[in-house]
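Heads up, the thing below is written out as C-alpha cells.
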Amino acid sequence: MRVRSLMDPYSLLGLERDAQEPAIREAWRKAAKGAHPDTGGDADTFARLQVAYDLLRDPVRRRIFDDTGYDPELADPKDLEGVKLLERLVNDVILDEREPGSFDPVSAMRRSLSDDIVKNRIHILELERHRNRVRQHIDRLGGKSGSDVLGSMLRARSETIADAIRKTERQIEMIEHAYQMLEGYRYELQVELQMAAQVRDEAAE
C-alpha cells in the first residue's frame with residue numbers, strides 16, 4: 001500500500017493550516033467514514049487519510065511539514081538533506097538587505113551550491129594527495145618483527161583519509177540533490193530595482 005507520495009495533509013482533510021486538534025479529529029472522522037475499505041471505500045485513499053491525520057496530530061512532524069513541506073517520517077532522506085541545505089540559503093536571502101525584485105535569490109542559491117560543490121571537489125583532490133603520500137610511506141617502510149606500530153599508524157591514517165573522502169563525496173551528492181530541487185523555479189526581477197541596485201553596488205566600489 002503506497003502512502004509515501006508527497007501530499008498536503010491540510011488539503012486532503014479539508015482543513016485550514018491553523019486547525020486545532022478537535023477540528024482535525026472531526027475532519028478525519030468525516031473523511032475516513034466514507035473512505036474505509038469495510039464500507040466500500042478505497043484502501044489507498046484511507047491510508048493517505050490516516051497518514052495525514054497522524055502527521056497533523058504530531059506537533060513535531062507538523063511543525064517540520066509546515067516549515068519545509070516534507071514529513072520527516074515519510075520523505076526521502078535525500079529530500080530532507082536537501083531541505084537542510086536550502087534552509088541555510090533561504091535564511092541568507094531573508095537577511096539580504098537588497099530590495100526584493102532587485103536580485104534573483106534562486107540564481108544566488110544555485111551559485112552558492114555550485115561553489116560548495118567545487119570546494120568539496122578540491123577538498124577531495126587534497127585528501128587523495130595526502131592518502132597517496134601515506135601509501136608511498138607504507139610501501140617504503142621496511143617490515144619489523146613483532147608489533148608493527150608505525151605500519152599500523154600509517155594504515156589507520158590512510159583509512160581515516162579514505163573515510164573523509166567518502167564523506168565528502170556524500171556531501172557533494174547531497175548538494176547536487178539540493179541543486180536539483182531548485183529546478184523549475186523562476187524569479188521575476190523588477191528592472192528598475194535591479195538597475196538601482198547595480199548603481200548602488202558600483203558606487204560602493
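Throughout, read-outs are computed from the coordinates displayed, never taken from laboratory work. The structure displayed is predicted, hence computed values, not measured ones. Positions of Cβ are backbone-derived with ideal geometry, glycine not excepted, and every protein chain shown enters the neighbour counts.
Can you give the FRET efficiency for Gln190 and Ser11, using 1/(1 + (r/R0)^6), R0 = 35 Å, r = Cβ-Cβ distance, to the nearest 0.05? Efficiency, rounded to the nearest 0.05: 0.65. Given +1 at the Cβ of Lys and Arg, -1 at the Cβ of Asp and Glu and no other charges, the dipole of region 9-75 around its Cα centre is 180 debye to the nearest 20.
Projecting the Cα atoms of Gly41, Leu12, Phe65 onto the dipole axis of region 1-132, where Lys and Arg carry +1 and Asp and Glu carry -1 at the beta carbon, places Gly41 farthest toward the positive end.
Using the empirical formula 2.2 N^0.38 Å as the baseline, the Cα radius of gyration of the chain reaches a ratio of 1.57. A straight line joining the Cα centroids of region 79-116 and region 130-172 runs 38 Å. Computed over neighbours whose Cβ is under 12 Å from that of His123, the net charge equals 0, Lys and Arg +1, Asp and Glu -1. If you count Lys pairs in the chain whose Cα atoms are under 26 Å apart, skipping same-chain pairs closer than 8 places in sequence, the total is 5. The simple spin-label model puts a point 7 Å past each Cα toward its Cβ; for Glu169 and Ala156 those points are separated by 2.4 nm. Take the Cβ atoms of Asp115 and Asp148, set R0 to 45 Å, and the FRET efficiency comes out at 0.55.
At full extension, Val106 and Val60 could sit 13.7 nm farther apart than now, given 0.36 nm per residue minus the alpha carbon distance.
Computed on region 107-183, the Cα convex hull volume stands at 63 Å³ per residue. Screening the chain for whole DSSP H helices of 15 Å or more along their axis (Cα) with average Kyte-Doolittle hydropathy at least 0.0 returns 43-57, 77-95. Among Asp76, Asp139, Asp54, the largest mean-square fluctuation in a Gaussian network model of the chain (Cα springs under 10 Å) belongs to Asp139. Principal axis extents of the Cα atoms in region 1-89, from largest to smallest and rounded to whole angstrom, are 47, 28, 16.
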